[in-house]
1. Looking at the stretch 170-179, is at least one residue in the same structural domain as Asp251 (by TED's automatic domain parsing), within 16 Å of ligand 2 (Cβ to nearest atom) and free of Cβ contacts under 8 Å to residues at least 40 places away in the same chain?
2. Mind checking which pairs have a first residue in the stretch 326-339 that is at pLDDT 90 or above and a second that is of a type in the set (D, E, K, R), Cβ under 7 Å, 6 or more apart or different chains?
3. Out of Ser271, Ser313, report the one residue that is of a type in the set (Ser, Thr, Tyr) and within 29 Å of Gly198 (Cα to Cα).
4. Just to be sure I understand the filter: pairs with C-beta atoms under 7 Å, separated by 6 or more residues or on different chains, first member in the stretch 128-141 and of a type in the set (Asp, Glu), second member within 11 Å of ligand 2 (Cβ to nearest atom) and assigned to a loop (DSSP other than H, G, I, E, B). Which pairs pass?
5. With respect to Leu206, is the statement that it is buried (at least 20 other Cβ atoms within 10 Å of the Cβ) and without any contact (Cβ under 8 Å) to a residue 60 or more places away in the chain true?
6. If you check Ile113, Ile82, Ile63, which single one turns out to be open to solvent by less than 10 Å² (accessible area, probe 1.4 Å) and either among the aliphatic types (A, V, I, L, M) or under 30 Å from Ile329 (Cα atoms) (or both)?
7. Name the single residue, out of those in the stretch 249-274 being within 16 Å of ligand 2 (Cβ to nearest atom) and open to solvent by less than 10 Å² (accessible area, probe 1.4 Å), that is farthest from Asn229 (Cα to Cα).
8. Here is a list of conditions, (1) within 16 Å of Val299 (Cα to Cα); (2) of a type outside the set (D, E, K, R); (3) within 15 Å of ligand 1 (Cβ to nearest atom), and Gly146 meets all of them except one; can you say which number that is?
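The values are calculated or read from the model by the stated rules, or taken from the named source; none is laboratory data. All of these numbers come straight from a predicted model, not from anything done at the bench. Note that we place each Cβ from the backbone using ideal geometry, even for glycine, and neighbour counts take in every protein chain shown. Each accessible area value is taken on the protein alone, full model and side chains, heavy atoms only, with ligands, DNA and RNA left out. Shrake-Rupley method; radii C 1.70, N 1.55, O 1.52, S 1.80 Å.
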Amino acid sequence: MLIVMEHEASQEQIDNVIATIKQLGYTPAPIPGSQRTAIGILGNAGPLDPSIFLALDGVKEAIRVSKPYKLVSREVKPENTIVAVGTVGIGGPDPVIIAGPCAVESLDQCLQIAHAVKATGAHLFRAGAFKPRTSPYSFQGLGQQGLDILARVRAETGLGIVTEAVDHEVVPLVEEVADIIQIGARNMQNFSLLRRVGKCTKPVLLKRGMSATIEEFLMAAEYIAAEGNHRIILCERGVRTFADHSRNTLDLSAVPAVKTLSHLPIIVDPSHAAGKRDQVIPLACAAIAVGADGIMVEVHHDPKHALSDGPQSLFPHQFEQLMQRVRAIAAAQRAFAGS
Ligand code: PEP
Ligand code: MN
């Protein structure tokens, strides 16, 4: 259930609603929003009687939430959430572009790529210091040394950093350096890890599991929000299907589906969906055309020698092409929105 307060409700009235929820043995979850003060009620097994709350001073509405996810649902917060990272707003009118290599390999590699993508207009830099690899014998990332490199990249370029936390142990290390903590597809249902990043003060980029339904995806986001971290960015990165012409199948319909069901921003990763360089630009264009709030794309100055995901990494000059096209499509979208 969602309690919506009157516009002019006092702090005392809000506190009284919170105290009542606690007295009943449930968990109050205040929901940030510019339009209204709302308090979600979590922890109830069955439906609640709205009259208990409607009787309290300052309460405007008590709305039953029909979806299993509450805090991330659009029923609870009709307006879009914009996740602010420095001067970048993810979920606002302009698509946000996150670019960089799959993995941190060296300071020189990261700086070269970061300077190139920044010059082309990327807003944030991505690179994994801890890599979740299918084979235990593959490059696992530089770990702490990689995080130190990422801190240097931010200091030298001013780009905010997106990097993955693969387990509990590394969350505090990653949180110190990252501007956005990435949770990878393989960890989308690692519920204790989701709870842990729900306690972080940094935003979380949650990638869709490779066979997750939209409901499972949003329930994973709910785990993070339920711990108090509402700064969540969803990321569609392709799902497993019978198709073998690409690494995964980019589920573009996830974007409008999520936008109907949730107020959270959703971006698209065309690189892990494609697995092949030549599909990345068309998929990125399509993602912006269906209304994605941004793109996360792998770029490498020397993909042939990349330690991971070279075949799907764009050359910097291809990233320039991607940016030109994405900008043109975004401008067309704005023209439609304004008409
Ligand atoms: C990544 O973005 O580096 C990554 C490992 O992606 P995913 O979790 O989507 O496979
Ligand atoms: Mn990768």
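1. Just the residues of the stretch 170-179 that are in the same structural domain as Asp251 (by TED's automatic domain parsing), to begin with: 170-179.
Now drop any that are not within 16 Å of ligand 2 (Cβ to nearest atom), which leaves none.
No, there is no match, as no residue in the stretch 170-179 is in the same structural domain as Asp251 (by TED's automatic domain parsing), within 16 Å of ligand 2 (Cβ to nearest atom) and free of Cβ contacts under 8 Å to residues at least 40 places away in the same chain.
2. Ala330/Asp94
3. Numbers: Ser313 fails: within 29 Å of Gly198 (Cα to Cα).
Just one listed residue meets the conditions, Ser271.
4. Partner pairs satisfying both residue conditions: none exist.
5. Details: buried (at least 20 other Cβ atoms within 10 Å of the Cβ): yes; without any contact (Cβ under 8 Å) to a residue 60 or more places away in the chain: yes.
Spelling it out, Leu206 is indeed buried (at least 20 other Cβ atoms within 10 Å of the Cβ) and without any contact (Cβ under 8 Å) to a residue 60 or more places away in the chain.
6. Numbers: Ile82 fails: open to solvent by less than 10 Å² (accessible area, probe 1.4 Å); Ile63 fails: open to solvent by less than 10 Å² (accessible area, probe 1.4 Å).
Of the residues listed, the single one that is open to solvent by less than 10 Å² (accessible area, probe 1.4 Å) and either among the aliphatic types (A, V, I, L, M) or under 30 Å from Ile329 (Cα atoms) (or both) is Ile113.
7. Within the stretch 249-274, the first condition is being within 16 Å of ligand 2 (Cβ to nearest atom), and the residues that meet it are 250, 267-274.
This time we only want the ones that are open to solvent by less than 10 Å² (accessible area, probe 1.4 Å), so: 267-271, 273-274.
Values: Ile267: 18, Val268: 21, Asp269: 23, Pro270: 26, Ser271: 27, Ala273: 27, Ala274: 31 Å.
Across the stretch 249-274, the extreme among qualifying residues is Ala274.
8. Of the numbered conditions (1) within 16 Å of Val299 (Cα to Cα); (2) of a type outside the set (D, E, K, R); (3) within 15 Å of ligand 1 (Cβ to nearest atom), the odd one out for Gly146 is (1).
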